[in-house]
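Have a look at the structure below, then the notes.
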Amino acid sequence: MSDDSVPMALPLLRLAAGSSEVTTLYRELRKPLLRYLVCLGLTSDEAQDVVQDVFLSLQRHLASDGTQENIRGWLFRVAHNQARNRQTSYHRRFSEPLDGEMDFLADDATPEQRVLEKEKFRRLATSIRLLTESERECLLLRAGGLRYREIGEVLGIATSTVGDTVERAIKKLAEKCNV
Amino acid sequence: MCDVQAKLIAWLDRELSSDEAAGVERHIEGCKECRCRLAAYEQVSNTFDAYCDAVEAVKTRRRVLRWVHALASAAVAAVVMFLAFSRTRIEPPPVLIPAITAASVGLPAPPELESAPRKTIHRRHPVAPVQVRAAKGQPMEAAVQIAIPAEAMFPPGAMPKGLNFIAELSIAPDGSVKQVRLRQ
């Protein structure tokens, strides 16, 4: 496994609290963080709150000369921990079937395409329920664009373990979903 | 089963070193089974990403709908309040316009015209004026009646389970609210 990380689109060295780089970071990572939190089971409102708290923590972290290495992983880790703290709604809603609410997602699709898409999502949702919590979290962070090393840092596990977990999860989904 | 199969997903995620990646690519070119597996893994990954987007979109939509419900309820409440309190109308103060006469501006007074004889209508029998009087205890007939169910006035979940009512508004032709009635 290589140890390289995807370079971010902004210079992360010497970020200052309240600087324009932090604002750019917020614009770039707000949506991936929201998606991650919502998929973990938080409501949209809860996810918005957590993202705000995460960036407030970043300000404090930078103001106190905290480490600036892998800020993206740091942000996801803080978000992950905050989601854990809201355990009441965590781990529950991601694999809920979305039913008829999917209709609006593909307005330009034909009815047949919509039905197929809906069926595909339904099968995937069923398969996601079969994943372990660790497998699901690895896949979510991977979908958020994090490298295996960063995922390992967020979840507190070894990079090789992340590779094995992702592989196992994808194989399970491919087998059960048959997409 | 090929040994390379264990590295396919890592290759897909660009997590292999350049040497390992080159080895996988060479193998894939000649192995149909690995190509099929790779395609399946890629498709699952893409579907998973799309599903995450869909989950986020649906939850965001639910949030927006909640706000729409709340705003709609507030608007209905505002309309009801407006209709209920608009009965006491405030008359605007009379505008004082100074009377301008010919004398005041120094113009000669126009010649006084002889008034034309008014046409008088003689009725054989004087008709008594029709008296519109509402029967005692009965409200005047309403021009508009509106029935608003409780679900339309409050956001979902705000009403206790089992409790439901309909607010009926009767609005008179002059725009005033004649009656507000709640019924089950």
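The values are calculated or read from the model by the stated rules, or taken from the named source; none is laboratory data. In this text, all values refer to a predicted model and were calculated from it rather than measured experimentally. Heads up, the Cβs are rebuilt from the backbone with ideal geometry, glycines too, and the neighbour counts pull from every protein chain shown.
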- [ ] Just need a number here: residues in the range B:1-37 that are assigned to a loop (DSSP other than H, G, I, E, B) and either over 58 Å from the mean Cα position of the chain (by Cα) or of a type in the set (Val, Ile, Thr) (or both).
- [x] 3
Open item on the list: Scan the range B:60-68 and tell me whether some residue there is among the β-branched types (Val, Ile, Thr), within 25 Å of A:Lys120 (Cβ to Cβ), within 10 Å of chain A (Cβ to nearest Cβ) and surrounded by fewer than 20 Cβ atoms within 10 Å (Cβ to Cβ).
Closed with: yes
TODO: With the checklist (1) surrounded by 13 or more Cβ atoms within 10 Å (Cβ to Cβ); (2) at the interface with chain A (Cβ under 10 Å from one of its Cβ atoms); (3) over 20 Å from A:Gly145 (Cβ atoms) in hand, flag the one item B:Ser18 doesn't pass.
DONE: (1)
Open item on the list: Please verify whether B:Leu163 is surrounded by fewer than 13 Cβ atoms within 10 Å (Cβ to Cβ) and modelled with pLDDT under 75, treating the condition exactly as stated.
Closed with: yes
Task: Condition met for A:Ile157 (modelled with pLDDT of 90 or more, within 11 Å of chain B (Cβ to nearest Cβ) and within 30 Å of B:Trp11 (Cα to Cα)) - done: no
- [ ] Read through the list (1) assigned to a helix (DSSP H, G or I); (2) over 37 Å from the mean Cα position of the chain (by Cα), then give the number of the only condition that B:Ala54 fails.
- [x] (2)
